[in-house]
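Some notes on the structure that comes next.
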Amino acid sequence: MTERYDLHIHSNISDGTQPLTELVPLIHQAGLSGFALTDHDTARGWEQAAKLAEHYGLDFLPGAEFSCRYEYQDHKGRAHKKSVHLLAYGYNRHTSELSNRVEAIRAARTERVQQIVKRLTEDYPLTWAQVQQQVGAENDAVGRPHIADALVAAGVATSREEAFRNILHPGSKYYIRQESMGVIEAVQLVRAAGGVPVVAHPMSENRGLPLPMQALEEMADAGLAGVEVYHRENSQQNRQRLLEFTRARGLLITGSSDYHGAGKPNQLGENTTDAQTVHAIREQIRN
Ligand code: AMP
Ligand code: FE
Ligand code: FE
Ligand code: ZN
């Protein structure tokens with residue numbers, strides 16, 4: 001049987017809903033050979049995930065997903081700021097410029113979520129304490145999904161999805177932007193930290209306009225290693241464009257679920273990466 005890997009998975013250390021002790025057995029049950037843990041802006045789960053992976057006979061690749069931005073002007077000269085998610089595998093999380101930047105961003109998350117909650121309290125029966133109740137003791141990266149969970153618990157929304165659609169989206173008056181790295185700089189910092197940068201769901205249209213191809217070209221110039229082509233938020237047509245792009249630039253192709261437990265409909269192993277590609281990623285890690 002061919003070996004399949006899921007290289008984009010979240011635990012409750014960021015905005016997934018399950019602890020690693022529940023998650024890793026499920027990865028095993030899904031018939032996968034291995035996985036990467038890619039919590040948002042944190043590497044806190046790496047040791048525990050590696051231990052659990054060993055116990056269940058799974059191959060483990062450490063990773064994270066960084067929230068970044070790409071700023072550009074369109075052909076009419078209008079300025080845009082696009083959110084871009086960058087997966088990073090095997091980077092030095094202790095003593096790198098990247099680790100310093102990520103630590104600052106991670107710390108800013110709490111402040112930002114508190115400010116969003118403050119705005120919400122004017123219109124909704126919601127308190128910071130209620131949001132904290134949705135955040136597990138393991139958590140290292142609080143975000144809007146935890147506010148969404150608190151809104152659901154308070155009966156204001158019926159699901160994370162609905163809370164985002166009606167209340168937490170970037171166009172909402174409650175929204176506050178998260179401090180982030182420019183994605184070109186982030187690609188360079190990941191490489192400088194010995195890691196392997198792969199752009200996550202680049203053609204997701206869940207977050208407004210799709211990312212312009214120019215952004216991907218610049219990321220490739222800066223040292224991008226691969227593209228997450230097989231992800232539910234990339235349309236069939238966009239997957240074809242991305243495949244052409246990876247071929248032209250000699251980049252790796254990954255596929256992943258972006259599993260968040262009960263936080264999203266995405267199922268473990270719904271998209272996967274082959275063992276050869278995982279091997280190629282490992283070969284590029286410089287740590
Ligand atoms: P934040 O990091 O606070 O900006 O929140 C972004 C996170 O919210 C993403 O990583 C997604 O996992 C999650 N998210 C965004 N939109 C939705 C949605 N419609 N339903 C569920 N989760 C979402
Ligand atoms: Fe998430
Ligand atoms: Fe993402
Ligand atoms: Zn993700």
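Provide a single number: the residues in segment 189-218 that are in a helix (DSSP H, G or I) and in contact with a strand residue (DSSP E or B) (Cβ under 9 Å, 6 or more places away or on another chain).
Of all residues in segment 189-218, those in a helix (DSSP H, G or I) come to 189-192, 213-218.
Now narrow it down to the ones that are in contact with a strand residue (DSSP E or B) (Cβ under 9 Å, 6 or more places away or on another chain): 189-191, 214-216, 218.
Count: 7.
Val196 - would you say it is closer than 12 Å to Val84 by Cα, buried (at least 20 other Cβ atoms within 10 Å of the Cβ), hydrophobic (A, V, I, L, M, F, W, C) and at pLDDT 95 or above? Taking the combined requirement at face value, the residue does not satisfy it. Among the residues of segment 13-64, those that are of a type in the set (D, E, K, R) and closer than 18 Å to Glu3 by Cα comprise Glu54, Asp59.
Checking Thr17, Thr42 one by one, the residue that is in contact with a strand residue (DSSP E or B) (Cβ under 8 Å, 6 or more places away or on another chain) and within 16 Å of ligand 3 (Cβ to nearest atom) is Thr42 and no other. The residue list Leu251, Leu216 contains one member that is closer than 30 Å to Ala79 by Cα, under 19 Å from the mean Cα position of the chain (by Cα) and not aromatic (Phe, Trp, Tyr), which is Leu216. Of the listed requirements (1) of a type outside the set (Gly, Ala, Ser); (2) within 16 Å of ligand 4 (Cβ to nearest atom); (3) at pLDDT below 95, Asn287 misses just one: (2).
Residue check: Gln276 meets all listed conditions (1) more than 21 Å from Tyr72 (Cβ to Cβ); (2) in contact with a strand residue (DSSP E or B) (Cβ under 8 Å, 6 or more places away or on another chain) but one, namely (2). Considering segment 153-179, and only residues there that are more than 9 Å from ligand 1 (Cβ to nearest atom) and under 22 Å from Pro202 (Cα atoms), the residue that is surrounded by the most Cβ atoms within 10 Å (Cβ to Cβ) turns out to be Glu179.
Here segment 3-24 is the region considered, the condition is being in a strand (DSSP E or B) and under 16 Å from Ala43 (Cβ atoms), and the residue that is nearest to ligand 4 (Cβ to nearest atom) is His8. Taking each residue of segment 260-279 that is within 29 Å of Val142 (Cβ to Cβ) and looking for partners that are of a type in the set (Asp, Glu) with beta-carbon atoms closer than 7 Å, six or more apart or interchain, yields His260/Asp15; Gly263/Asp15; Asn266/Asp258; Leu268/Asp6; Gly269/Asp6. Taking first residues from segment 112-139 that are closer than 14 Å to Ala157 by Cβ and in a helix (DSSP H, G or I) and partners that are of a type in the set (Ser, Thr, Tyr) and away from ligand 4 (no atom under 16 Å from the Cβ), the Cβ contacts under 6 Å between residues at least 6 apart in sequence or on separate chains come to Leu120/Tyr174. Among all residues of segment 213-220, there is at least one that is within 16 Å of Ile281 (Cα to Cα) and free of Cβ contacts under 8 Å to residues at least 60 places away in the same chain.
The values are calculated or read from the model by the stated rules, or taken from the named source; none is laboratory data. This structure is a prediction, so every number in the text was calculated from the model and none was measured. For neighbour counting, all protein chains shown are included, and Cβ atoms are generated from backbone atoms with ideal geometry for every residue, glycine included.
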